[in-house]
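Take a look at the structure below.
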Amino acid sequence: MKKYLIKTYKNIRDGYFFKKSISKKISGKENQLKIDTSCRFINCKLIISGKFNTINIQENCIFKNVTFYIKGNNNTIHIAESVQFNRAGEIWVEDDHCKLFIDHSTTFENTHLAITEPNSKMNIGANCMFSNDIDVRTGDSHSIIDNTTQERINYAKNVTIGNHVWVGAHTSILKGASIANDSIVATRSVVTNSHENPNSILAGMPAKEVKQNINWDRKRFYKKE
């Protein structure tokens, strides 16, 4: 009862109470939704086509204008407590045995997360901050063929983003990318490779380390007079 009253109070306080929450369109067998009752959804859609898929969302998460889309079987989306999609977003999963994990207290403004091709994985750490118009994907969704061998050359690769990573606006993080803890990805960068040094700034297309031994904070610190 107490948890329900707290949720109702927050919905009224933030202006969500009278807005549509989440629409669901689910086809297939044995799909599981494990969503804590403290979570809040505003104008969200959940579309699942397949079987044995699981969405697990822990307490105090907020989703505004987010579409959850799963097409395939045995896929898993796990979102830890206090994750926020503050403006909009899309979580897109295709094929089988794909996994998305987002750790606690990570925030997104408007981000597209795409986990495609069998056995693809995307891991996003705790207390990360994603800005606007960001694209993160494990694959290209279409095939590139080598004309000589007639073989595909662009299979999906896992994406790993560490803890406390700040991703700037208009950024792309593509298949095979890895970003270490306490790092910053500069605005309009394209990350395509593994970057294992923590406390670094990545910038450029493709992104490279341009500064080391840094950290960042959500608060603004002003010069002392």
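Quick check, is His112 surrounded by fewer than 18 Cβ atoms within 10 Å (Cβ to Cβ) and in a loop (DSSP other than H, G, I, E, B)? No; evaluated as a whole, the condition is false for this residue. Pairs meeting the criteria (first residue in region 145-160 and in contact (Cβ under 8 Å) with a residue 40 or more places away in the chain, second residue in a loop (DSSP other than H, G, I, E, B) and not hydroxyl-bearing (Ser, Thr, Tyr), beta carbons under 8 Å, at least 6 apart or on different chains) are Ala156/Glu117; Ala156/Gly139; Ala156/Asp140; Ala156/Lys175. Figure legend. Inter-residue proximity from region 79-99: first residues among the polar types (S, T, N, Q), second residues at pLDDT 95 or above and assigned to a loop (DSSP other than H, G, I, E, B), beta-carbon distance below 6 Å, spacing 6+ or different chains. Indicated pairs: Ser82/Asn60; Ser82/His104; Ser82/Ser105.
Can you tell me which of Phe63, Phe85 is modelled with pLDDT of 95 or more, out of contact with any Ser or Thr (no Cβ under 8 Å at 6 or more places or on another chain) and buried (at least 19 other Cβ atoms within 10 Å of the Cβ)?
The conditions single out Phe63.
Within region 38-57, residues that are at positive phi and charged (D, E, K, R) reach no partner that is surrounded by fewer than 19 Cβ atoms within 10 Å (Cβ to Cβ) and not in a loop (DSSP other than H, G, I, E, B) with beta carbons closer than 6 Å at six or more positions or on different chains. Close Cβ contacts (under 7 Å, 6 or more residues apart or on different chains) running from residues in region 106-126 that are within 21 Å of Ala180 (Cβ to Cβ) to residues that are assigned to a strand (DSSP E or B) and of a type in the set (Lys, Arg) comprise Lys121/Lys99. When Asn53 is tested against (1) over 18 Å from Leu100 (Cα atoms); (2) polar (S, T, N, Q); (3) buried (at least 18 other Cβ atoms within 10 Å of the Cβ), only condition (1) is not met. Could you please let me know if Ile26 is over 21 Å from the mean Cα position of the chain (by Cα), at pLDDT 95 or above and β-branched (Val, Ile, Thr)? The answer is yes for Ile26. Filtering region 88-97 to residues that are among the small types (Gly, Ala, Ser) and surrounded by fewer than 18 Cβ atoms within 10 Å (Cβ to Cβ) leaves nothing. For residues that are in contact with a strand residue (DSSP E or B) (Cβ under 7 Å, 6 or more places away or on another chain) and not aliphatic (A, V, I, L, M), scanning just region 33-42, find the one that is surrounded by the most Cβ atoms within 10 Å (Cβ to Cβ). So, considering only residues that are in contact with a strand residue (DSSP E or B) (Cβ under 7 Å, 6 or more places away or on another chain) and not aliphatic (A, V, I, L, M), the one surrounded by the most Cβ atoms within 10 Å (Cβ to Cβ) is Phe41.
Counting only strands (runs of 3 or more DSSP E) that sit completely within region 132-225, those holding 2 or more residues that are buried (at least 16 other Cβ atoms within 10 Å of the Cβ) and either at pLDDT 95 or above or of a type in the set (A, V, I, L, M) (or both) correspond to 159-161, 200-203.
This table checks each residue for (1) touching a Phe, Trp or Tyr at 6+ places or on another chain (Cβ under 7 Å); (2) modelled with pLDDT of 95 or more; (3) assigned to a loop (DSSP other than H, G, I, E, B); (4) not hydrophobic (A, V, I, L, M, F, W, C).
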residue	(1), (2), (3), (4)
Tyr4	no, no, no, yes
Tyr16	no, no, yes, yes
Lys34	no, yes, no, yes
Ile48	no, yes, no, no
Phe68	no, yes, no, no
His78	yes, yes, no, yes
Asp96	no, yes, yes, yes
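Of the residues making up region 115-131, those that are assigned to a loop (DSSP other than H, G, I, E, B) and over 19 Å from Tyr69 (Cβ atoms) are Gly125, Ala126, Asn127, Cys128.
The values are calculated or read from the model by the stated rules, or taken from the named source; none is laboratory data. From a predicted model like this one, the values you see are computed outputs, not experimental measurements. All Cβ positions, glycine included, derive from the backbone under ideal geometry; neighbour counts span all protein chains shown.
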